[in-house]
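Notes follow the structure.
The values are calculated or read from the model by the stated rules, or taken from the named source; none is laboratory data. Quantities reported herein were computed from a predicted structural model and do not represent experimental measurements. Note that we place each Cβ from the backbone using ideal geometry, even for glycine, and neighbour counts take in every protein chain shown.
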C-alpha cells in the first residue's frame with residue numbers, strides 16, 4: 001500500500017511539475033523529494049535568471065573586464081534573482097507545495113521534532129525513521145537539521161507581522177467574556193548540556209570554573225481578548241510566537257522586542273509581562289519595554305517559591321510551615337496577590353517591617 005501510494009504521489013508531482021504558470025520555462029529539472037511516503041522523483045519547471053545576470057561565466061567575464069569592480073562571490077543557488085517570465089523563484093511549483101530543503105512540510109515537521117527531542121544526530125535519524133518509515137543517513141539528517149536551525153534563527157531576527165485580529169470561532173465567543181485585548185510576553189532561562197566546544201569562554205559554577213551547560217533563553221509572545229467563566233485568559237487561536245536563543249540578555253531583549261512588535265506591541269494592546277523576577281528579566285523589561293503602563297507579573301510557580309521561602313523565615317516548626325504554605329498558596333491561586341499580602345500582614349502583624357520575610361515578598 002505504501003509503494004502504491006508513493007507511485008500515485010509521484011504521478012501527481014509529475015503532472016503538477018509540468019505546469020508552467022509563469023509562461024514557457026527555461027527547462028525542466030529532475031529532483032528527488034523526501035516525503036513521509038518515501039523518496040519521490042519528479043521533474044518540475046525551472047526558470048533561469050534573466051540575461052543580465054544569467055550565468056556564472058558571464059559574471060566572471062564582467063569581472064575580468066572591470067578588474068577594479070570585483071564581484072562579491074558566487075550567487076546563492078536558487079537565490080532571489082530576477083527570473084525569466086517574472087517567475088517569483090527558480091522552481092515555483094516547489095514554492096507552492098511548501099517544499100524546503102528537499103522535503104515536504106509533513107516531513108520537515110517530523111524531522112525537526114526528531115532533532116529537537118533527541119540527544120544526537122544519529123539518534124534523531126533513527127527516530128525520524130521510526131516516525132515516517134523513511135531511511136535518512138546521519139550526515140543528511142545533520143545537514144537538514146542545521147539548515148532548519150538557520151532558518152529559525154533568520155526568522156527570529158526578522159519576524160513576520162502576524163494576524164492581529166484573529167478569527168474567533170463561534171463556540172469560543174459563546175463560552176467566554178470579552179476583556180481588554182492583552183499582549184502577554186513571557187520569558188525564562190534554563191541550562192542545557194553542551195559539548196566542550198560550545199562552552200569555550202563560558203564560566204562555570206563549579207570549583208574548576210568549567211561549564212558543562214549554557215544558558216538558553218526562551219521567550220513567548222501572544223494575545224488574548226477573552227476570559228472563561230473562572231476569569232482565566234483564553235488565548236487567541238494561533239496567536240503565540242516563541243524564540244529560543246543563547247544570546248546575552250541585552251541582545252535577547254532586542255529579539256523579544258522585535259517579536260512583540262510583530263504581534264502588535266505599540267498599538268492598543270494592554271501589555272503584561274510574566275517572568276520569575278530574575279535580574280536579567282527585570283533589565284529587559286526596563287530597557288526593551290519601558291513605560292509605566294507595562295504590567296509585570298511573577299509567574300505562579302516562582303511566586304510560590306518566594307512565598308515558601310518567606311514562610312520558612314517567619315515560622316520555625318516544619319508542620320506549621322507546611323500548613324501555612326498550603327493555605328497561602330490557595331489564597332494566591334484563588335484570589336490573587338493583593339489578598340495574599342492582606343492575609344500575610346494580618347497573620348504576621350507582630351513582625352517588624354525590617355524582617356527578612358517581608359523582603360522575600362517584595
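At-a-glance table
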item	result
Matching option when the condition is assigned by TED's automatic domain parsing to the domain that holds residue 257, out of contact with any helix residue (DSSP H, G or I) (no Cβ under 7 Å at 6 or more places or on another chain) and on the phi > 0 side of the Ramachandran plot, among 222, 231, 189	231
Any chance residue 230 is more than 15 Å from the chain's Cα centre (by Cα), farther than 19 Å from residue 153 by Cβ and at pLDDT below 90	yes
Filter pass, residue 124 being on the phi < 0 side of the Ramachandran plot and surrounded by 19 or more Cβ atoms within 10 Å (Cβ to Cβ)	yes
Test for residue 16: is it at pLDDT 75 or above, under 33 Å from the mean Cα position of the chain (by Cα) and assigned to a strand (DSSP E or B)	no
Region 19-42, residues that are surrounded by 13 or more Cβ atoms within 10 Å (Cβ to Cβ) and assigned to a loop (DSSP other than H, G, I, E, B)	19, 20, 22, 25, 26, 36, 37
Tally of residues being more than 15 Å from residue 218 (Cα to Cα) and part of a helix (DSSP H, G or I) across region 267-281	1
Residue check for residue 266: assigned by TED's automatic domain parsing to the domain that holds residue 179, loosely packed, with under 14 Cβ neighbours inside 10 Å, within 22 Å of the chain's Cα centre (by Cα) and under 26 Å from residue 161 (Cβ atoms)	yes
Residue among 198, 188, 154 that is under 18 Å from the mean Cα position of the chain (by Cα), farther than 30 Å from residue 6 by Cα and surrounded by 12 or more Cβ atoms within 10 Å (Cβ to Cβ)	188
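Quick grid of which residues meet (1) closer than 29 Å to residue 137 by Cβ; (2) touching a helix residue (DSSP H, G or I) at 6+ places or on another chain (Cβ under 8 Å); (3) modelled with pLDDT under 75; (4) in the same structural domain as residue 108 (by TED's automatic domain parsing):
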site	(1), (2), (3), (4)
38	yes, yes, no, yes
63	no, no, yes, yes
70	no, yes, yes, yes
95	yes, no, no, yes
